[in-house]
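J.: Starting off with a structure, shown below.
The values are calculated or read from the model by the stated rules, or taken from the named source; none is laboratory data. Worth saying up front: this structure is predicted, and the values here are computed from it rather than measured. Backbone-built Cβ (ideal geometry, glycine too); neighbour counts: all protein chains shown.
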């Protein structure tokens, strides 16, 4: 009997060691996958500005002034813009030019493709929207400047797109408010140097697009302007945003359903609600977001830092996300996952299903928090967050001690973690802290020496 017990015990011990070792290597693999996650930044070079004055440019200049645009900010230049667009869109190697030094009043307009090859939209002047709700085109209540079905088009210049949204903000209603600049159902798009400001609702929307490169863009709205997301990405793949400054009354950047391979680099955010994935899963919908990277950002006095937000009752998943090299300055909720998001005047009903959140890395994130909870992982009891990786986190509260809150969240960490995240644990999964500098041989040696369950 004693021999049988001893053999059984040894068998269980060997199995436990094997499982723990496998989990350690699983964690190491997850860490490696998240560290290697990247999205190519390369794209076609933007043309030199002002390239059309060169005899070698070979461009056909289509100036809106030539089609009757006045540019005094009072006269309606919508029809002139439509005529100029139709000409430039049908002409190879053309430049749709909004010249500098003028203000063009343009009502809601759809600029549709497909267009001839190598079209450039050169915005050097200012385009302004009507500032009275009663002057808005009732046939196009949710858009202003909408570009669609384009391929290989470059948007560039030092001009301004001004949504004149103040009277819409005062009504504080999400209905019948227009987004300023929308690029949809397009591919191989470049956007550089533009300023987008004062939108009624979202400032710049990238919808159902593939291969978009955005650089040196400024987005500006007052911090109290409602629902004025800076750059909103939906249903799009292979998008790179870089070297841009965003200050709004809502998310500086928001990434929602059916989006993948999104990279943000060298981003300034503030004021605003931070950089968000979501919201996702509203009205029991399915949402999928994968392969998102934020690398090098400064968030200043925002109401959130890096955030993932989902509604109860949704389904789908968020997977493969890395937030790294982020500086927080007086930010509330610097690191937050909220699976109980409820942007509704009514209390949201408790539901068991949820968008699954896994393989999320936070690395080299430092600064100051306004809120007591510097890190908050509020995850679903039925669909817990898993494989959350913390690496070199240092968040401090000026007037007190920062804390970490967890609900149904599991993960592991490396390096310094401040505030400590003892609540983010995986006792039943055999997790062990991993130093990313260790190699496979060192890890194997550690497994042989000791198998332990370790909290952050």
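J.: Kindly check whether there is at least one residue in segment 374-393 that is assigned by TED's automatic domain parsing to the domain that holds residue 287, without any contact (Cβ under 8 Å) to a residue 40 or more places away in the chain, more than 20 Å from residue 280 (Cα to Cα) and surrounded by fewer than 21 Cβ atoms within 10 Å (Cβ to Cβ).
T.: yes
J.: If you don't mind, another one. Looking at segment 351-363 only, could you name the residues that are surrounded by 19 or more Cβ atoms within 10 Å (Cβ to Cβ) and assigned to a loop (DSSP other than H, G, I, E, B)?
T.: Going through segment 351-363, the residues surrounded by 19 or more Cβ atoms within 10 Å (Cβ to Cβ) turn out to be 354-357, 359-363.
Of everything in segment 351-363, those that are surrounded by 19 or more Cβ atoms within 10 Å (Cβ to Cβ) and assigned to a loop (DSSP other than H, G, I, E, B) turn out to be 354, 355.
J.: Collect the residues in segment 255-272 that are buried (at least 24 other Cβ atoms within 10 Å of the Cβ), under 20 Å from residue 237 (Cα atoms) and either in contact (Cβ under 8 Å) with a residue 40 or more places away in the chain or in contact with a helix residue (DSSP H, G or I) (Cβ under 8 Å, 6 or more places away or on another chain) (or both), keeping them in residue-number order.
T.: 262
J.: Further question: Assess whether residue 153 counts as being within 16 Å of the chain's Cα centre (by Cα), farther than 28 Å from residue 135 by Cβ and not assigned by TED's automatic domain parsing to the domain that holds residue 296.
T.: On the way: within 16 Å of the chain's Cα centre (by Cα): no; farther than 28 Å from residue 135 by Cβ: yes; not assigned by TED's automatic domain parsing to the domain that holds residue 296: yes.
Here the answer is no, as residue 153 does not meet what is asked.
J.: Regarding segment 129-137, can at least one residue be identified that is surrounded by 23 or more Cβ atoms within 10 Å (Cβ to Cβ) and under 31 Å from the mean Cα position of the chain (by Cα)? Step through it out loud before you land on a result.
T.: Our first condition is that a residue be surrounded by 23 or more Cβ atoms within 10 Å (Cβ to Cβ); within segment 129-137, this holds for 129.
Filter once more, keeping what is under 31 Å from the mean Cα position of the chain (by Cα): 129.
Checked segment 129-137: at least one residue is surrounded by 23 or more Cβ atoms within 10 Å (Cβ to Cβ) and under 31 Å from the mean Cα position of the chain (by Cα).
J.: On to the next question. Conditions: (1) touching a strand residue (DSSP E or B) at 6+ places or on another chain (Cβ under 6 Å); (2) surrounded by fewer than 20 Cβ atoms within 10 Å (Cβ to Cβ). Residue 280 meets all but one. Number of the miss?
T.: Residue 280 satisfies all of (1) touching a strand residue (DSSP E or B) at 6+ places or on another chain (Cβ under 6 Å); (2) surrounded by fewer than 20 Cβ atoms within 10 Å (Cβ to Cβ) except (2).
J.: Taking the criterion of being free of Cβ contacts under 8 Å to residues at least 40 places away in the same chain and in contact with a helix residue (DSSP H, G or I) (Cβ under 7 Å, 6 or more places away or on another chain), would at least one residue in segment 163-186 satisfy it?
T.: Looking for residues that are free of Cβ contacts under 8 Å to residues at least 40 places away in the same chain and in contact with a helix residue (DSSP H, G or I) (Cβ under 7 Å, 6 or more places away or on another chain), one finds at least one in segment 163-186, hence yes.
J.: Specify the residue that is surrounded by the most Cβ atoms within 10 Å (Cβ to Cβ); the eligible residues are those in segment 138-159 that are modelled with pLDDT of 95 or more and closer than 15 Å to residue 200 by Cα.
T.: Here is the first cut: in segment 138-159, the ones modelled with pLDDT of 95 or more are 144-159.
Among the residues that remain, those that are also closer than 15 Å to residue 200 by Cα are: 144-146.
Numbers: 144: 26, 145: 23, 146: 21.
Out of the qualifying residues, it is 144.
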